[in-house]
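K.L.:
Can you read through this structure? Questions will come right after.
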Amino acid sequence: MTPLILTLLIINAIVAIVFTITSYKKTLLNLYLKTIASTLFVLLGIASLFYTSSLLLGKEILSKHIVNELIGGFLILTALIFCLIGDIILGMPRISELKRDRLPVIVGGAGWFLIGHAIYCVALASIFEISLWVIAIIIPLSLFYTFANKLFGKLDYKKLTIGVFLYSLVESLSLALCILALINRFSVSALLLTIGFTLFYFSDMVLMHNYFGEKKRIISILCHASYYPAQILIALSICFLALL
């Protein structure tokens, strides 16, 4: 890990903590703070990819495995960028003109995150081996995410139930791929990704309460307190791809 990566990691953590504490305040200033926090995990991903690329490309033989790791790292960075855009869009209701009609903003932001998760899945499939056991994991995860969360949280998805279920399937797939990778072949990268996507899964479940249930200050804080560590760990995992 280089001094640049360590510096970005510390700054990202500080900004994320400050934003998380004040995230319940729907102000334009907080939108800027949210954007900075999300931009920082993208910068962390860029620095991590440069570091890993220098290590992998320095090897005498570029095997198929090394090429897959490079492609996977690039795709993880691409997914982080899509999540950054989704973050900015979802923060738009902080602007007074958009507070009344939030549905287009929610759908638009979730769309960018859905694409981001799909890219994450391709990246993970490129880096790690795929097993049919993934099906046994994603089905209960997606059902719990959508319907158990709705039942116990008394959520009203309105016309978006199918969309929420589709999103949960893709997100559950990324988490399942990480879990299987960690079980089949332990590595620092797989560990960071598994923790990261577990936090991501939890964060989005909590976020559903903010959009489709009773809005509480603790919901916003819990959501971001798990979301930013998730993205930071995912970005940092790129650093350790060369160790696979």
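The values are calculated or read from the model by the stated rules, or taken from the named source; none is laboratory data. Keep in mind that this is a model prediction, so the values were computed, not measured. FYI the Cβ positions are ideal-geometry reconstructions off the backbone, even for glycines, and counts take in every protein chain you see. Surface accessibility is based on the protein's heavy atoms, side chains included, excluding ligands, DNA and RNA. Shrake-Rupley method; radii C 1.70, N 1.55, O 1.52, S 1.80 Å.
K.L.:
Calculate the dipole size of the stretch 1-99 relative to its Cα centre from +1 charges on Lys and Arg beta carbons and -1 charges on Asp and Glu beta carbons; express the result in debye to the nearest 20. Provide the component values of the computation, followed by the final result.
P.N.:
Working: 7 positive and 4 negative charges, 70 e Å.
Dipole about the Cα centre, nearest 20: 340 debye.
K.L.:
Additional query: Rounded to the nearest 500, what is the 222 nm mean residue ellipticity of the chain from helices alone, with -39500 (n - 2.57) per DSSP H run of 4+ residues and division by all residues? Present the calculation step by step, with values, prior to reporting the outcome.
P.N.:
On the way: 9 runs with 188 residues, N = 244.
That comes out to -26500 deg cm²/dmol.
K.L.:
Right, here's the next one. In Å², and per residue, what accessible area does the stretch 1-92 have when probed at 1.4 Å with the other protein chains present? Numbers along the way, then the final one.
P.N.:
On the way: 4530 Å² over 92 residues.
That works out to 49 Å² per residue.
K.L.:
What length, rounded to one decimal in nm, is gained on full extension from residue 186 through to residue 130, with 0.36 nm per residue of separation minus their alpha-carbon distance?
P.N.:
Values: separation 56, 0.36 × 56 = 20.16 nm, distance 1.48 nm.
This chain segment gains 18.7 nm when fully extended.
K.L.:
If you don't mind, another one. What does the charge dipole of the chain about its Cα centre add up to, to the nearest 20 debye, if the Cβ of each Lys and Arg holds +1 and the Cβ of each Asp and Glu holds -1?
P.N.:
Values: 17 positive and 10 negative charges, 170 e Å.
Using only the charged Cβ atoms, the result is roughly 820 debye.
K.L.:
Between residue 22 and residue 158, what is the spin-label point distance in nm, taking each point 7 Å from the Cα along the Cα→C-beta axis?
P.N.:
Computed distance between label sites residue 22 and residue 158 equals 3.0 nm.
K.L.:
Which of 57, 242, 90 sits farthest toward the positive end of the charge dipole of the chain, with +1 on the Cβ of Lys and Arg and -1 on the Cβ of Asp and Glu?
P.N.:
Going by the charge dipole, the pick is 90.
K.L.:
Could you give the length gained on full extension between residue 7 and residue 198, defined as 0.36 nm per residue of separation minus the Cα-Cα distance, in nm?
P.N.:
66.3 nm
K.L.:
Could you work out how far helix 3-22 tilts from the main Cα principal axis of the chain, as a 0 to 90 degree angle to the nearest 10?
P.N.:
10 degrees
K.L.:
Placing +1 at every Lys and Arg Cβ and -1 at every Asp and Glu Cβ, with all other atoms neutral, what dipole size does the stretch 117-244 have around its Cα centre, in debye to the nearest 20? Walk me through the intermediate numbers first.
P.N.:
Working: 8 positive and 5 negative charges, 83 e Å.
Dipole of the stretch 117-244, to the nearest 20 debye: 400 debye.
K.L.:
Can you give the angle from 0 to 90° between the axis of helix 217-237 and the longest principal axis of the chain, with both taken from C-alpha atoms, to the nearest 10?
P.N.:
Here the helix axis deviates by roughly 10 degrees.
K.L.:
Between 0 and 90 degrees, rounded to the nearest ten: what's the tilt of helix 103-127 against the longest Cα principal axis of the chain?
P.N.:
That helix lies at roughly 20 degrees to the long axis.
K.L.:
Can you give me the Kirkwood hydrodynamic radius for the stretch 40-172, using every pair of distinct Cα atoms, in Å to one decimal? Present the calculation step by step, with values, prior to reporting the outcome.
P.N.:
Working: mean 1/r = 0.0587 Å⁻¹.
One decimal place: 17.0 Å for the Kirkwood radius.
K.L.:
Now for a different question. At a Förster distance of 25 Å, what's the computed FRET efficiency of residue 166 paired with residue 216, Cβ-Cβ distance as r, to 0.05? Don't skip to the end; give the middle numbers.
P.N.:
On the way: r = 27 Å, r/R0 = 1.07.
Step by step, r from the Cβ atoms, then E = 0.40.
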